[in-house]
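Beneath this line is the structure, given in structure tokens, with notes to follow.
The values are calculated or read from the model by the stated rules, or taken from the named source; none is laboratory data. Quick caveat, the model's predicted, so the values are computed rather than measured. Don't worry about glycine lacking a Cβ; one is built from the backbone with ideal geometry, like all the others, and counts go over all protein chains shown.
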Amino acid sequence: MIYTAAILLSLVGYFIIGNLAGRRVKNLDDYLVAGRNAPTLMILGTLVASYLSTSAFLGETGFAYQGYPFVMLIFAAISTSGCLLGALVFGRYLRRSEALTVPEFFGKRFASKRVQMIAGLTTVFGLGAYLLGVMQGAGIMFEELTGLPYWSGLVLVWLTYTGFILYSGSQGVVLTDTVMFVIFSIAAVGGSLYIISDLGGWSGVIEGLLAQSDKPGIALWHGVIEGEGATFSSPGEALIWGLTLGLVWATVLAASPWQASRYLMARNEHVVMRSAMLTAVVLAVFYALMMMTGAAINLYDPTLDGERAMVWAALNVLPSWLGIIILTGVFAAGLSSCSTFLSIIGFSLAHDILPSSRSQRSAMRASRIGVLVAGLVALLLALFQPPAVMAVVWFAATLFASSWGPVALMSIWSRRITAAGAGWGLGVGFVGNLILSLMVQAEWVSLPVYLHPVILSTLVALVAIVIVSRLTHVSQAESEYRAFLHRSPVENERSWAAVSRRVAGATMLAGVAVGAFLWWQYAGSLAALAGRFGVADSAVTGAYLLATGCGVMLVIAGAVGFRLVSARSTKVGSAHMAKP
């Protein structure tokens with residue numbers, strides 16, 4: 001009963017906070033992009049909240065529970081680099097465009113309403129599937145915690161986030177996302193530290209995982225590679241999966257509509273870069289703790305359904321007060337993603353696909369209608385589609401890696417891509433990935449792990465872009481707009497750059513700390529126990545390399561950010577000295 005009350009109170013709280021934010025909505029900019037005045041903390045909060053949905057807390061932690069915590073760390077070390085990639089090579093230019101939606105940016109960049117509409121359609125269909133997955137995750141949690149029917153949880157969640165989005169738009173989304181980010185960060189850290197400490201710390205967990213026989217290899221970097229339930233058949237296959245999907249999700253973090261659109265709300269480009277670096281740090285810490293926690297739950301009960309393991313631990317292992325925090329935190333993660341995805345779908349439907357409204361008032365009304373219609377469709381699908389949280393979310397996300405990824409990066413850095421090439425790239429990447437993924441799911445074709453459907457569809461999209469762009473011409477409007485995007489940096493560059501350099505330095509220090517922690521707590525513990533449990537030297541070496549890689553990726557991210565900020569500051573200083 002206490003868990004039911006906590007969930008219901010949190011829903012009421014988010015509804016009130018979201019609607020209070022609605023009082024600040026005065027015009028279309030306020031409704032769609034939060035007035036373009038969000039500080040670093042709010043962009044950080046909404047970036048992390050948009051990414052860490054119920055898929056991360058239930059699906060990915062469940063994958064760690066099933067036997068692959070350190071494969072997920074390989075994945076995370078690569079994928080989080082997309083935060084910085086997105087900010088540096090796409091996000092800051094997107095912010096300069098002052099578009100209201102990311103599809104509108106594509107329309108401006110290529111001087112083509114057709115490209116904007118294609119991007120809008122992929123947004124609606126792709127994010128619709130993503131929204132379906134996270135809604136199902138919230139419904140599963142509600143059912144587990146309250147004992148009430150699955151459908152009742154879906155309806156209550158839908159009413160909450162739809163209610164405040166209709167009134168407050170992005171103002172409500174970015175504020176509630178930040179509150180939810182704080183709550184589920186406390187939940188993730190608190191719950192993980194309790195469970196790991198209860199089992200004897202990292203060394204105790206590693207020893208317990210090596211001693212158990214239900215999932216042999218779960219404590220090694222490659223995870224379980226033996227038995228009927230093994231996802232991978234060899235360490236090499238596990239490594240290729242982690243690297244391949246890591247690169248895919250790096251592209252997702254760099255260019256997907258739910259991540260990139262957050263930058264449109266930022267106060268300026270420095271806020272974009274700072275929030276991206278801090279997001280990489282937060283995600284690195286989250287994955288290091290939560291994946292280990294997912295594996296550790298096996299030491300309590302190795303027979304659980306993976307996607308419900310974290311909920312089971314909160315109800316049966318954690319003290320009630322901490323269980324309440326972690327469950328409301330996980331619930332908040334799902335709710336924040338739902339609100340983000342629905343707002344983007346509704347805004348894109350009204351602004352990028354349907355005919356544009358002439359007045360601000362009619363445009364806002366159209367956006368609200370778009371949110372309501374999209375939400376109702378998602379609710380109906382979630383009610384009748386069997387839940388498969390991680391599978392649905394990962395499938396939907398990869399659609400944007402193959403369609404948006406190449407076009408987003410080339411729209412900034414290629415002089416030769418044309419409007420026709422961009423349109424074909426968006427369409428071919430999206431549809432090709434969709435068809436291949438469905439064929440694999442239906443077992444009509446079987447692909448090796450290094451030829452994931454997203455890899456093949458991305459290559460086909462790139463070929464389509466190159467061929468079509470060579471057959472067409474870059475218009476003067478396209479060329480001029482690209483030049484406009486590469487204009488001089490923001491005003492007051494030096495004062496903003498000083499803080500941004502400190503954030504970059506903190507990111508590098510965080511990388512050293514994360515690497516040292518994993519080196520000592522994971523690799524060191526495994527090495528100390530290797531002789532007793534017959535762990536191969538190659539597995540110990542792999543553990544040390546994993547620890548080093550996780551730290552180095554953050555160090556590189558911080559160093560690149562520091563270098564870019566310093567170069568921008570120097571450029572502005574030289575420009576001032578050159579003035580008569």
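Say we look at the range 289-308 and pick out the residues that are of a type in the set (Gly, Ala, Ser) and surrounded by 24 or more Cβ atoms within 10 Å (Cβ to Cβ); which of these is nearest to Met141 (Cα to Cα)?
Within the range 289-308, the first condition is being of a type in the set (Gly, Ala, Ser), and the residues that meet it are 294-296, 306.
The next check asks that each one be surrounded by 24 or more Cβ atoms within 10 Å (Cβ to Cβ); those that pass are 294-296.
Details: Gly294: 17, Ala295: 20, Ala296: 20 Å.
The extreme case among them is Gly294.
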### Query
Do any helices (runs of 4 or more DSSP H) lying entirely in the range 1-98 carry at least 1 residues that are over 18 Å from Met290 (Cα atoms) and charged (D, E, K, R), and which ones are they?
28-33, 92-97
### Summary
Residues of the range 159-183 being surrounded by 21 or more Cβ atoms within 10 Å (Cβ to Cβ), hydrophobic (A, V, I, L, M, F, W, C) and under 14 Å from Ala333 (Cα atoms), in sequence order, are Val173, Val174, Leu175, Met180, Phe181, Ile183
### Query
Which numbered condition trips up Ile183, out of (1) within 30 Å of Gln521 (Cβ to Cβ); (2) modelled with pLDDT of 85 or more?
(2)
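Considering only residues of the range 169-223 that are assigned to a helix (DSSP H, G or I) and of a type in the set (D, E, K, R), which is nearest to Gly236 (Cα to Cα)? Full working, then the answer.
Filtering the range 169-223 down to residues assigned to a helix (DSSP H, G or I) leaves 170-198, 201-211.
Keeping just the survivors that are of a type in the set (D, E, K, R) gives 177, 198, 207.
Working: Asp177: 38, Asp198: 33, Glu207: 24 Å.
It comes out as Glu207.
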### Task
Those residues that are under 22 Å from the mean Cα position of the chain (by Cα) and of a type in the set (S, T, N, Q), I need them from the range 423-450; list them, please.
Asn433, Ser437
### Query
Quick check, is Ala374 aliphatic (A, V, I, L, M), modelled with pLDDT of 75 or more and farther than 21 Å from Ser457 by Cβ?
yes
### Task
List the number of the failed condition for Gly91; all other conditions in (1) within 24 Å of Gly515 (Cα to Cα); (2) surrounded by 24 or more Cβ atoms within 10 Å (Cβ to Cβ); (3) small (Gly, Ala, Ser) hold.
(1)
### Message
Out of the residues in the range 463-473 meeting the condition of being within 29 Å of Thr398 (Cα to Cα) and surrounded by fewer than 19 Cβ atoms within 10 Å (Cβ to Cβ), tell me which one is nearest to the chain's Cα centre (by Cα).
### Response
Val463
### Options Gly208, Gly200, Gly191, Gly223; residue that is touching a residue at least 60 places away in the same chain (Cβ under 8 Å) and on the phi > 0 side of the Ramachandran plot
Gly223
### Task
Search the range 99-113 for residues being over 21 Å from the mean Cα position of the chain (by Cα) and not in a helix (DSSP H, G or I), and hand back the single one that is nearest to Val33 (Cα to Cα).
Ala99
## Note on the structure
Those residues of the range 310-344 which are touching a Gly at 6+ places or on another chain (Cβ under 6 Å) and buried (at least 24 other Cβ atoms within 10 Å of the Cβ) amount to Ala314, Ile326, Gly334, Leu342
#### Entry: Index of the failed condition, Gly59 passing every other in (1) crowded, with 22+ Cβ neighbours inside 10 Å; (2) more than 14 Å from the chain's Cα centre (by Cα)
(2)
### Test: residue in the range 408-417 that is hydroxyl-bearing (Ser, Thr, Tyr), under 27 Å from Lys108 (Cβ atoms), at pLDDT 90 or above and in a helix (DSSP H, G or I)
yes
### Message
It is to be established whether one or more residues within the range 386-407 are at pLDDT below 80 and over 24 Å from the mean Cα position of the chain (by Cα).
### Response
no
### Task
Could you tell me which of the residues Ala211, Ala238 is among the aliphatic types (A, V, I, L, M) and either in contact with a Gly (Cβ under 6 Å, 6 or more places away or on another chain) or surrounded by 20 or more Cβ atoms within 10 Å (Cβ to Cβ) (or both)?
Ala238
### Task
Could you look through the range 445-488, keep only residues that are without any contact (Cβ under 8 Å) to a residue 60 or more places away in the chain and in a loop (DSSP other than H, G, I, E, B), and pick out the one that is nearest to Arg92 (Cα to Cα)?
Val474
### Query
Can you pull out the residues in the range 508-538 that are among the aliphatic types (A, V, I, L, M), under 14 Å from Ile206 (Cβ atoms) and crowded, with 20+ Cβ neighbours inside 10 Å?
Leu518, Ala523, Leu526
### Query
Can you spot a residue in the range 500-516 that is over 30 Å from Arg568 (Cβ atoms) and assigned to a helix (DSSP H, G or I)?
yes
### Query
For the subset of the range 438-462 comprising residues that are surrounded by fewer than 21 Cβ atoms within 10 Å (Cβ to Cβ) and hydroxyl-bearing (Ser, Thr, Tyr), which member is nearest to Val252 (Cα to Cα)?
Tyr450
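Residue-by-condition table, conditions (1) touching a Phe, Trp or Tyr at 6+ places or on another chain (Cβ under 8 Å); (2) surrounded by fewer than 24 Cβ atoms within 10 Å (Cβ to Cβ):
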site: Ile2; (1), (2): no, yes
site: Ala6; (1), (2): no, yes
site: Gly22; (1), (2): yes, yes
site: Val25; (1), (2): yes, yes
site: Val33; (1), (2): no, no
site: Asn37; (1), (2): no, yes
site: Leu44; (1), (2): yes, no
site: Val48; (1), (2): yes, no
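In the range 136-158, what residues are assigned to a helix (DSSP H, G or I) and of a type in the set (Gly, Ala, Ser)?
The initial filter retains those residues of the range 136-158 that are assigned to a helix (DSSP H, G or I), namely 136-146, 150-158.
Those that are assigned to a helix (DSSP H, G or I) and of a type in the set (Gly, Ala, Ser): Gly137, Ala138, Gly139, Ser152, Gly153.
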#### Entry: Matching residues, the range 355-368, being assigned to a helix (DSSP H, G or I) and either of a type in the set (Ser, Thr, Tyr) or at pLDDT 80 or above (or both)
Ser362, Ser367
### Query
Has the range 106-121 got any residue that is among the aliphatic types (A, V, I, L, M) and at positive phi?
yes
### Task
Within the range 245-284, track down each residue that is closer than 15 Å to Tyr51 by Cβ and charged (D, E, K, R).
Arg262
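Is it true that Leu166 is part of a helix (DSSP H, G or I), at pLDDT 80 or above and under 22 Å from Ile345 (Cα atoms)?
Working: part of a helix (DSSP H, G or I): yes; at pLDDT 80 or above: no; under 22 Å from Ile345 (Cα atoms): yes.
Answer is no for this residue.
Do you know which residues across the range 94-117 are of a type in the set (A, V, I, L, M, F, W, C) and surrounded by fewer than 20 Cβ atoms within 10 Å (Cβ to Cβ)?
Taking the range 94-117 first, the residues of a type in the set (A, V, I, L, M, F, W, C) are 94, 99-100, 102, 105-106, 110-111, 115, 117.
Across the range 94-117, the qualifying residues are Ala111, Met117.
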